[in-house]
Amino acid sequence: MSYSKKYLIISAPEYKTPSNPYGKVVIYSRTSAGSYELLQILDNPLSTDTLRFGYSLSINKDENILGIGA
């Protein structure tokens, strides 16, 4: 999990379905009221089961670059 003033990012590197490889990252954006709403869901872009997409997360201080490790 990673969060900033604008985003809450949650990863599930062990998440797997029969039709998808391991890993998923979910990004929420913070509203002006201070709650979070779903912004985007990222699935593992590779079709291999050896990677755990979302194993590590990092967002830069300007909150415009998200690094996702596997």
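The values are calculated or read from the model by the stated rules, or taken from the named source; none is laboratory data. Note that the structure is predicted; figures quoted are calculated from it, not measured. Here Cβ is always computed from backbone atoms with ideal geometry, including for glycine, and neighbour counts include all displayed protein chains. Accessible surface is based on the protein model in full, side chains and every heavy atom, while ligands, DNA and RNA are left aside. Shrake-Rupley method; radii C 1.70, N 1.55, O 1.52, S 1.80 Å.
Filtered by the rule that a residue be of a type in the set (Val, Ile, Thr) and without any contact (Cβ under 8 Å) to a residue 24 or more places away in the chain, region 32-59 gives ILE41, THR50. Listed by first and then second residue, the pairs with beta-carbon distance under 6 Å, at least 6 apart or on different chains, first residue in region 11-23 and more than 9 Å from ASN44 (Cβ to Cβ), second surrounded by 14 or more Cβ atoms within 10 Å (Cβ to Cβ) and of a type in the set (Val, Ile, Thr), are SER11/VAL25. Among the residues of region 56-68, the one identified as within 14 Å of TYR22 (Cα to Cα) and either open to solvent by 100 Å² or more (accessible area, probe 1.4 Å) or among the polar types (S, T, N, Q) (or both) is SER56. Taking region 1-55 as the region of interest, the strands (runs of 3 or more DSSP E) fully inside it that hold 3 or more residues being within 9 Å of the chain's Cα centre (by Cα) and surrounded by 14 or more Cβ atoms within 10 Å (Cβ to Cβ) are 7-11, 24-30.
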